Every structure is written in structure tokens, then in C-alpha cells.
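Structure, as C-alpha cells:
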Amino acid sequence: IYRIGGDEFVAFLTGEDFRNHELLLENFNLRIEKNNVEGKLTIACGYEDLNGSSEKSFLKIFENADRKMYERKKELKGRV
């Protein structure tokens with residue numbers, strides 16, 4: 001996990017975590033949804049898969065994940 005600025009971090013998944021990334025992301029989002037309803041800490045995340053993306057530059061991968069994170073942040077704030 002790397003801090004890239006402010007309160008933004010990047011996590012690279014490998015091995016078993018990468019193979020299970022869909023389940024991990026689903027469980028993470030379920031916890032965030034529950035926290036949001038209960039007025040607890042929420043964390044917005046954006047995910048982009050280098051292997052599954054048509055983009056092949058790291059910059060574009062980061063930009064796509066960042067855009068998704070801000071979309072998720074907006075979605076969560078709309079539910080408060």
C-alpha cells in the first residue's frame with residue numbers, strides 16, 4: 001500500500017488477494033454501505049485492473065481508479 005497524497009492510497013493486489021479481488025471489493029463495499037447507514041467511518045475506493053483494462057499505462061490506470069473513487073465518494077455523500 002502506498003500513500004499518493006492527502007488521504008489517498010494505492011494498493012496493489014497480488015496472488016490470492018488478486019485472485020479474490022471481486023469478493024474482497026464486494027465485502028469491502030458492503031461494510032462501507034453498513035457504516036454509511038450507521039453514521040460510521042466510510043471510505044470511497046476506486047478499482048482498476050491493469051490486466052482487464054484496455055489502458056496499458058500506469059497513469060491511465062491510476063486516473064481511471066481515481067475517477068471511480070470520486071464517483072463512489074459522491075454516491076456515498078448523496079446517501080447521508
Legend entry - Nonlocal Lys pairs with alpha-carbon distance under 29 Å, the chain (8 or more apart, or different chains): 16
Legend entry - Packing-based ranking, highest mean first, of 19-28, 68-77 given that Cβ atoms within 10 Å are counted: 68-77, 19-28
Legend entry - For Rg/Rh (Cα atoms, Kirkwood Rh), calculated from these coordinates, the label among (i) 0.98; (ii) 1.08; (iii) 1.40: (i)
Inset, instruction - Give the residue from G5, L24, L76 lying farthest towards the positive end of the charge dipole for the chain; charges sit on Cβ (+1 for Lys and Arg, -1 for Asp and Glu) and the dipole is referred to the Cα centre. - result: L76
Legend entry - Added length on full extension, which subtracts the Cα-Cα distance from 0.36 nm per residue, N51 to N35: 2.7 nm
Inset, instruction - Name all residues of the range 19-41 having a backbone nitrogen under 19 Å from the label point set 7 Å from the Cα of L13 along its Cα→Cβ direction, giving them as ranges. - result: 19-34
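Read-outs: derived from the displayed coordinates by stated rules, not from any lab. Computed from a prediction, not measured in an experiment: that's the story for all the values here. Positions of Cβ are generated from backbone atoms using ideal geometry, with glycine treated the same way; all protein chains shown enter the neighbour counts.
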